[in-house]
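Colleague: Have a look at this one before I ask anything.
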Amino acid sequence: MMKLLKIAISTMTFLARNLRIAKDIPAMSKGEFKDLEFCPCTRDLVPYIANLYKESHSGEELGVAKKTLLKLAGHKLCLVVRDKKTNQIVGYSLYYFNRRDIREATIHEGDISLHSDYRGKGIGTAQRLHVLRHFARCPSIKGLSSRIDLDNHSSLRSGQKVGYKIKECYFDQSRGKERAYLICDLAPYRECNTNEEQERTLPRRKDELN
């Protein structure tokens, strides 16, 4: 009984914290990268996100707190990747605020997932770049935080390519792995003149295509 009560309190606290801050965050803009469309997560897409989460987490179900957050504020906090040719949802990036993020004025990269058939093609990096441009529109958010397994070399390279820097390393007993805590400063993404290397890899927004 006490365990269920603690879970309920934790869920409500998480949702209250994130929904309060999300009120001041704009909706994500749409974008394109190769044959893919980037779009905000709407309620009808939540079941697809839940399925992708389950596939990439060894059958683990997406928790009630995150599923509820997606339904209520997914259009501001979650980017969805859709294959324009097949119309299939093939990836997503979910962001939210932990207690540490509140203290340090950051938002956490809670989960970034991409179907195995689409990996190694620069899509994950494009996802991150699109999200960085999105949160750079929020003056109160100074940067993005992330936790990555040290043996996940591709994810580390992708993160460091767009500006993530390792702040600390630690051993996660629950995962049995060495992990890194990283921060990406949003200041460069707020500058008007994006450098040429970034501009070539940035996904194009819908309003830039018209």
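Just so you know, all these numbers are worked out from the coordinates, no wet-lab data involved. All figures in this text were calculated on a predicted structure; none of them were measured in a lab. Cβ placement follows ideal geometry from the backbone for every residue including glycine, while neighbour counts extend to all protein chains displayed.
Colleague: Using the Kirkwood formula on the Cα atoms of the range 2-209, what hydrodynamic radius do you get, in angstrom to one decimal?
Modeller: Result for the range 2-209, one decimal place: 17.6 Å.
Colleague: Given R₀ = 30 Å, what would the calculated FRET efficiency be for residue 20 paired with residue 57, taking r from the Cβ atoms and rounding to 0.05?
Modeller: 0.65
Colleague: Could you pull out the chymotrypsin sites (Phe, Trp or Tyr not before Pro) across the range 144-186 that fall in loop regions by DSSP (anything but H, G, I, E, B) with no more than 14 other Cβ atoms inside 10 Å?
Modeller: none
Colleague: Hey, another quick one. Among DSSP bridges having both ends in the range 2-209, what percentage is antiparallel? Round to the nearest 5.
Modeller: Beta bridges within the range 2-209, antiparallel portion: roughly 90 percent.
Colleague: Still on this structure, please answer the following. Helix by helix through the chain, keep the DSSP H runs that span 27 Å or more along the axis on Cα and average at least 0.0 on Kyte-Doolittle, and give those back in order.
Modeller: Qualifying helices: 2-22.
Colleague: Moving on to the next point. For n ≥ 4 DSSP H runs only, could you compute -39500 (n - 2.57) per run for the chain, divide by its residues and tell me the 222 nm figure to the nearest 500?
Modeller: Calculated at 222 nm, the ellipticity per residue is -12000 deg cm²/dmol.
Colleague: Ranked by Cβ crowding within 10 angstrom, fewest neighbours first, how are 57, 130, 108 ordered?
Modeller: The fewest-first ordering by Cβ neighbours comes to 57, 108, 130.
Colleague: Another question, if that's okay. Within the chain, which is the longest segment containing none of the GluC sites (Glu not before Pro) that sit in a DSSP loop and have at most 14 other Cβ atoms within 10 Å?
Modeller: 62-190
Colleague: Once you have a ≥ b ≥ c as the square roots of the Cα gyration tensor eigenvalues for the range 116-184, tell me rounded if a/c is under 1.5, and otherwise prolate or oblate according to whether a/b is larger than b/c.
Modeller: On the way: a/c = 2.43, a/b = 1.23, b/c = 1.98.
Note, shape of the range 116-184 comes out oblate.
Colleague: If I model a spin label as a point 7 Å beyond the Cα along the Cα-Cβ vector, how far apart are those points for residue 157 and residue 37 in nm?
Modeller: Going from the residue 157 label point to the residue 37 one covers 3.1 nm.
Colleague: Would you mind ranking 148, 107 by Cβ crowding within 10 Å, fewest neighbours first?
Modeller: 148, 107
Colleague: Rank the residues 155, 10 as a footprinting-exposure proxy: fewest other Cβ atoms within 10 Å of their Cβ go first.
Modeller: So the residues, fewest neighbours to most, are 10, 155.
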